[in-house]
Amino acid sequence: MQKIGVFVCHCGTNIAATVDVKAVVDALAKEPSVVFAADYPYMCSESGQNLIKDAIREHELTGVVICSCSPRMHEVTFRRAAASAGLNPYLVEVANIREQCSWIHKDKAEATEKAIILGRAAIAKALLNAPLIAGESPVTKRALVIGGGIAGIQTALDIAEAGFPVDIVEQKPTIGGKMAQIDKTFPTLDCSACILTPKMVECAQNENIRIFSYSEVESVSGFVGSFTVKIRKKARYVDEVKCTGCGLCTEKCPVKNVPNEFNLGFDNRRAVYIPFAQAIPKIAVIDPDRCNMLKNGKCGLCSRVCEAGAINYKQTDEIVEEHYGAIVAATGYEISDVTRYGEYAYTESKDVITSLEFERLTNAAGPTGGVLLRPSDGKHPHTIVFIQCVGSRCVLEKGKPYCSKICCMYTAKHAMLTREKYPDTEVYVFYIDVRTPGKNFDEFYRRAAEEFGVHYIKGAVGKIVPRADGTLDVQAADLIMDEQLRISADLVVLAAAIEPSKTARKLATMLTASMDTNDFFTEAHPKLRPVESPTAGIFLSGVCQGPKDIPETVSQAGACAAKVIGLLSKNKLTGNPCVAHSDELMCNGCSSCANVCPYGAITYLDKEFRMPDRTTKVRRVASVNPAVCQGCGACTVACPSGAMDLSGFSNSQIMAEVDAICR
Amino acid sequence: MQVNEEFVPTIVAFCCNWCSYAGADLSGTNRLPYPANVKIIRVPCSCRVNPTFILRAFQRGADGVIICGCHPGDCHYTTGNYYTRRRMTLLFSMLDYLGIERARTRVEWVSAAEGQKFAETMRSFVKDVTALGPNRRLEDLRCRKD
Amino acid sequence: MNKQDLKEEIVRMSGSAVEKCMRCGKCSASCPSYEDMEYHPHEFVYLVEKGDIEKLMASESIYKCLTCFACVERCPRGVEPAKVVEAVRLIVIREQGMNRLKPDDIPGLWDKDLPQQAIVTAMRKYTK
Amino acid sequence: MTKIAYYPGCTLKNKARALDEEARAAARLLGYEFEEIDEWQCCGGAFTTSRDEIATKLAAARALTWARDHGGRVVTVCSACYNVLKQTNAAFRTDSEFAAKVSRYEKTDPPYRGEAEVVHWFELLRDEIGFDKLRAAVKKPLKGRKIAPYYGCLLLRPSETLAFDSPENPTVMEDFIRALGAEPVRYAMRNECCGGYLTLEDRDAAKKRSAAVLSSAVEMGADCMITACPLCLYNLTKNAAGPLEIRYFTDVLAEALGLKEGGENA
């Protein structure tokens, strides 16, 4: 005989304001097998939990139903409470009467009726629950960080510091990411390279860190604690061990006209190159699309000049397979395509540039040696217009609906530095709102306006007209003066929206980690679990989770590392007991289940069965490995004989819920 | 049974724990209303939904059944939603053969971030089913409530 | 009509989501008729959102919009200011006696090169 | 010879006769027979965006219905007709209430739902005939001519509905000019308004618009400007005196194809 206890939570007024809690208790108390029903203002509070524990003991409950918030919120809390009272935690069911009832309905009668039905369904399911015991799985004590920008670097360093080995996979030939391209950092104006390169060097020197540069993640399998990852090390055509990074090959290479990605195409590199002076690893790489030797076998100059004998034209991509306990996504961002905003004439004039291009033009290691010169004619610009929110906060198909968060501050930085270095310039900033939440951020922006005489204009630019004399006619609105302005500018800088790396979507699919509609990784909880993906064992660091600046990225990277360290410190993980199992007597060995299993958790055994006539017969039957099964249930539907079922979500349980709802 | 204007259909929604169930929670958190006659059953993945569950629902008097899963390519279990799509295509054509109107069943992809979409989807589904009136074709008279 | 009805009427006619405006001013930055208007595209959107429509109805600005759609094209929020201006103008000229252009005015405006298109378009824009 | 329904519009039958005749002649040469729509009426020159406007959209609706029943497409030459027809067609496709009202009034059977396709002569040239074929058909290449294409607003906006070309950096007229052997002049004001119908309401205001367009083209070295719109042509010639010759695109087309006897004048 089952004995079910029902507990209905008020959640303060969150539930009680729209659901008549007493009526729910009364109705559910009448359900068969229910021996106890009560309500409480906050079931998740300690005294609420005590109420549950006491009832379990006192009434010798065999099942518990809690009508409260979403099970995604407190199922774990209530299961723990049940366990501490001696009840198997998997005998607890939660009816979601907050998110899926009280919060979406206004009519009290309607909401109360729905809450009762949801409670009945939970009781029906609880009656069919069986005690489950979670298995354990081992933890591979090594982490993988995907992406070698500041987010990935910081996460890797913190994990390594705690004593765990960690690998960084970076698709470019060097780590460093966007921060390596930036000139100065706000709000302190430290030199970006000066604070980044020591960290890059630390990565290279730390015994616990391995860097797979010029590499990509090829496939991911497994689950939290034991992932298996294949990494494609793209052919560099340079032996990583032999190359000393002397750079002689990059000086002798005859192919001189390859646009230099690091300087965003403002100057050229060779076909064999080292991305920049402080690259880590400092190893040359040959661009197979441009190298004459690789294209048609005619050259070989680099091989001849290399004293270390590191050049190897026959090198091929290499696949490395490695095991990890945790994976960190740190794939960062790209600058969105500004050509979609034709009114800004980015394609029509070389003197309309993006902010990242501006960084290269003011960087001492950049194409102009840090002297701000117009890309079109190399002359010194006198009037510079900065345009904010180019593509950000744009709800059209071509834009990004979110605020890119960093543009207000870097534009203030650009404007301030320009005025400081070139007092003969006039600098205008067109803004919609200036957003500067952050320590010393608003003070920084105000300094640009107050001390450096940057003209901040509330309004937008409608059109940029490139003139025959090389100037740019900027047509704009000044909303405070209520007038249309025309500024004749020498240089226009677009604060382009940032967007997640194009590689992120493919990676998310491999990791089975969810993404939002903008292709940012989704966090497990926006407030309480901001650095974890809902997929166990996957962690998030940096802009791949949402726009953020360097200080915020570094803090998040550290937080992410702490979560990874917490996981890797465990020797065993408790698994999910809601896994599939097959009834051997019903199984006909058809393989339908194994064919749909995404984890290869199902194998077949030849097993001896006693037949009714006392003979024995060997039959082929399915067997599920509970450590590998993730509990999706695909096999249960594929099984034609009905042998396969899923613990915690069994066929009979879901049927019972259906019946209770349609009753 | 008379089709009157007060007709309130019974709707069963099977929601994947990783996406649309969370999407439904989000529409709650954001207070985005949808009709109370939608009752959600949590499943670990849309591919857990056995066609027999849907038949059972219709037999027990449900007027519409909707299955919500992760967007193609986003399945927590990699390929579960593709199975759902294939299975439900077959089931729906069978239901069609049985005379169950096509609009009584739906498969929708709703992510955990799409609270708005969840509420809109439910509103439109309820509207469609309400327009069709009560389900009679598969209903088992012995299960009728009144 | 009271303020709220008028606002709803304009929103219904134009199909414009005035509440989506984030006050960036890109419409007014793009407007070729800006200098000839007393109220500018962003103010049309703002005043309609506030329900302060009489001011717009009394203004000459409603006849200065070229319906060139530069504002519609460039608005990052999909607000469509030109349609708002047109809706306000229609509310005005649909009233008896409020035609802006009368057939009798045409001979005075006529010149031999004027294409038929100019007259039909002006009649459509300035009369009911 | 491909037959295609043709909507000439009011001005092409009066002030801009040449635009009509040259467009047809060039079409014949390139394999198209323009079949004038029976009893077509003036489109009204402007699409009234208000959703409750029905009567002003009926002329376009009739032409579209005729086109549906006669080959499924309608070609236009005038930018305004193109704009009005295409926007009306889009209203049929997206606004079922509007479509139902028109069909009830017009008694169209089956009811019109926006099935016809509206194409501009430029689109036909670009997407079907192809500029390579046009280039091959050119008898007198316009060598050395620096031509500024003037798109104006009606061909490009609203781009979501018209989908004619990129609304900010269109290229079809530039490609057209190149195919004729001339050099297109790129200038930023090519998609800005000429002043349109405002010339009747406030000529001074309209003049400012035309002047801005013209000076931008002149500055970039143009010696000729082409347009598809009679009102643009009027504003640019009448409201802004300049060194630039303003011509219909069909005029330079006819010239390059050798359809004009000797002269360059329209």
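The values are calculated or read from the model by the stated rules, or taken from the named source; none is laboratory data. As the structure is a computational prediction, the values presented were derived from the model and not from experiment. Cβ atoms come from the backbone with ideal geometry, glycine included; neighbour counts cover every protein chain shown.
Residues of the stretch A:411-444 being within 22 Å of C:GLY25 (Cα to Cα), hydroxyl-bearing (Ser, Thr, Tyr) and crowded, with 19+ Cβ neighbours inside 10 Å, which ones? Answer for the stretch A:411-444, where residues must be within 22 Å of C:GLY25 (Cα to Cα), hydroxyl-bearing (Ser, Thr, Tyr) and crowded, with 19+ Cβ neighbours inside 10 Å: A:THR411, A:TYR428, A:TYR431. The set of residues from the stretch A:23-75 being among the charged types (D, E, K, R) and either in a loop (DSSP other than H, G, I, E, B) or within 14 Å of another protein chain (Cβ to nearest Cβ) (or both) comprises A:LYS30, A:GLU31, A:GLU60, A:ARG72, A:GLU75. Within the stretch C:94-128, the residues that satisfy the criterion of being over 13 Å from D:THR48 (Cα atoms) and not in a loop (DSSP other than H, G, I, E, B) are C:PRO103, C:ASP104, C:ASP105, C:ILE106, C:PRO107, C:GLY108, C:LEU109, C:GLN116, C:GLN117, C:ALA118, C:ILE119. Scan the stretch A:494-513 residue by residue and report those that are outside any loop (DSSP other than H, G, I, E, B) and more than 14 Å from every other protein chain (Cβ to nearest Cβ). Once the filter is applied, which keeps residues that are outside any loop (DSSP other than H, G, I, E, B) and more than 14 Å from every other protein chain (Cβ to nearest Cβ), the stretch A:494-513 yields A:ILE498, A:GLU499.
The single condition from (1) closer than 22 Å to A:PRO526 by Cα; (2) in contact with a strand residue (DSSP E or B) (Cβ under 9 Å, 6 or more places away or on another chain); (3) part of a helix (DSSP H, G or I); (4) facing chain A (nearest Cβ under 10 Å) that B:GLY23 fails is (4). Considering the conditions (1) polar (S, T, N, Q); (2) crowded, with 24+ Cβ neighbours inside 10 Å; (3) within 19 Å of A:LEU356 (Cβ to Cβ), A:SER514 is excluded by exactly one of them, (3).
Scan the stretch A:348-376 for residues that are among the β-branched types (Val, Ile, Thr) and under 13 Å from A:THR418 (Cα atoms) and the total you get is 2. Cβ-Cβ distances below 7 Å connect the following pairs, each with a first residue in the stretch D:188-207 that is facing chain C (nearest Cβ under 9 Å), a second residue that is of a type in the set (Phe, Trp, Tyr), and a separation of six or more residues or different chains: D:ASN191/D:TYR151; D:GLU201/C:TYR63; D:GLU201/C:TYR126.
Here is the figure for the stretch A:106-165: residues that are surrounded by fewer than 22 Cβ atoms within 10 Å (Cβ to Cβ) and hydroxyl-bearing (Ser, Thr, Tyr) total 2. Taking (1) more than 22 Å from A:LEU485 (Cβ to Cβ); (2) in contact with a His (Cβ under 6 Å, 6 or more places away or on another chain) in turn, C:SER28 satisfies each apart from (1). Among the residues of the stretch B:89-128, those identified as in contact with a helix residue (DSSP H, G or I) (Cβ under 6 Å, 6 or more places away or on another chain) and of a type in the set (Val, Ile, Thr) are B:THR105, B:VAL107, B:VAL110. Taking (1) of a type outside the set (Val, Ile, Thr); (2) modelled with pLDDT of 95 or more; (3) surrounded by 13 or more Cβ atoms within 10 Å (Cβ to Cβ) in turn, A:SER652 satisfies each apart from (3). Scanning the stretch A:487-514 for residues that are of a type in the set (Asp, Glu) and out of contact with any Pro (no Cβ under 8 Å at 6 or more places or on another chain) yields a single hit, A:GLU499. Which condition number does B:GLU6 fail, the rest of (1) more than 7 Å from every other protein chain (Cβ to nearest Cβ); (2) in a loop (DSSP other than H, G, I, E, B); (3) buried (at least 21 other Cβ atoms within 10 Å of the Cβ) being met? Failed condition: (3). Only a single item in (1) touching a strand residue (DSSP E or B) at 6+ places or on another chain (Cβ under 7 Å); (2) of a type outside the set (Lys, Arg); (3) within 24 Å of B:SER46 (Cα to Cα); (4) surrounded by fewer than 14 Cβ atoms within 10 Å (Cβ to Cβ) is not met by A:SER591, and it is number (1).
Among the residues of the stretch C:48-92, those identified as away from chain D (no Cβ under 11 Å) and out of contact with any helix residue (DSSP H, G or I) (no Cβ under 7 Å at 6 or more places or on another chain) are C:LYS50, C:ASP52, C:GLU54, C:ALA58, C:SER59, C:SER61.
Only strands (runs of 3 or more DSSP E) whose full extent lies in the stretch A:299-374 are considered here, and the ones with at least 2 residues that are surrounded by 23 or more Cβ atoms within 10 Å (Cβ to Cβ) and in contact with a helix residue (DSSP H, G or I) (Cβ under 6 Å, 6 or more places away or on another chain) are A:326-329. Among the residues that make up the stretch D:126-148, is at least one of them in contact (Cβ under 8 Å) with a residue 40 or more places away in the chain and within 14 Å of chain A (Cβ to nearest Cβ)? Scanning the stretch D:126-148 turns up at least one residue that is in contact (Cβ under 8 Å) with a residue 40 or more places away in the chain and within 14 Å of chain A (Cβ to nearest Cβ). The sole residue among A:GLU334, A:GLU322, A:GLU397 that is free of Cβ contacts under 8 Å to residues at least 12 places away in the same chain, among the acidic types (Asp, Glu) and out of contact with any Gly (no Cβ under 8 Å at 6 or more places or on another chain) is A:GLU397.
Residues checked against (1) over 16 Å from the mean Cα position of the chain (by Cα); (2) over 22 Å from A:GLY642 (Cβ atoms):
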{"position": "B:ALA24", "(1), (2)": "no, yes"}
{"position": "B:ASN37", "(1), (2)": "no, yes"}
{"position": "B:SER46", "(1), (2)": "no, no"}
{"position": "B:ASN50", "(1), (2)": "no, no"}
{"position": "B:ALA57", "(1), (2)": "no, no"}
{"position": "B:VAL65", "(1), (2)": "no, no"}
{"position": "B:GLY99", "(1), (2)": "yes, yes"}
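Checked against the criterion of being farther than 30 Å from A:ASP549 by Cα and in contact with a Pro (Cβ under 7 Å, 6 or more places away or on another chain), the candidates A:GLY119, A:GLY135 yield just one match: A:GLY135. Restricting the stretch B:74-114 to residues that are in contact with a Lys or Arg (Cβ under 7 Å, 6 or more places away or on another chain) and more than 12 Å from chain A (Cβ to nearest Cβ) leaves a set whose member that is surrounded by the fewest Cβ atoms within 10 Å (Cβ to Cβ) is B:GLY99. Where helices (runs of 4 or more DSSP H) fall wholly inside the stretch D:53-138, the ranges with 3 or more residues that are hydrophobic (A, V, I, L, M, F, W, C) and in contact with a helix residue (DSSP H, G or I) (Cβ under 6 Å, 6 or more places away or on another chain) are D:58-69, D:79-94, D:96-106. Would you check if there is a residue in the stretch C:23-31 being in a helix (DSSP H, G or I), more than 8 Å from every other protein chain (Cβ to nearest Cβ) and small (Gly, Ala, Ser)? Within the stretch C:23-31 (the criterion being in a helix (DSSP H, G or I), more than 8 Å from every other protein chain (Cβ to nearest Cβ) and small (Gly, Ala, Ser)), the answer is no, since none of the residues qualifies. Scanning the stretch B:41-73 for residues that are outside any helix (DSSP H, G or I) and either under 19 Å from B:ALA13 (Cβ atoms) or more than 7 Å from chain A (Cβ to nearest Cβ) (or both) yields a total of 20.
Any residue in the stretch A:561-576 that is on the phi > 0 side of the Ramachandran plot and surrounded by 17 or more Cβ atoms within 10 Å (Cβ to Cβ)? The answer is no, given that none of the residues of the stretch A:561-576 is on the phi > 0 side of the Ramachandran plot and surrounded by 17 or more Cβ atoms within 10 Å (Cβ to Cβ).
The single condition among (1) of a type in the set (Gly, Ala, Ser); (2) assigned by TED's automatic domain parsing to the domain that holds A:ILE384; (3) surrounded by fewer than 18 Cβ atoms within 10 Å (Cβ to Cβ); (4) assigned to a helix (DSSP H, G or I) that A:GLY470 does not satisfy is (4).
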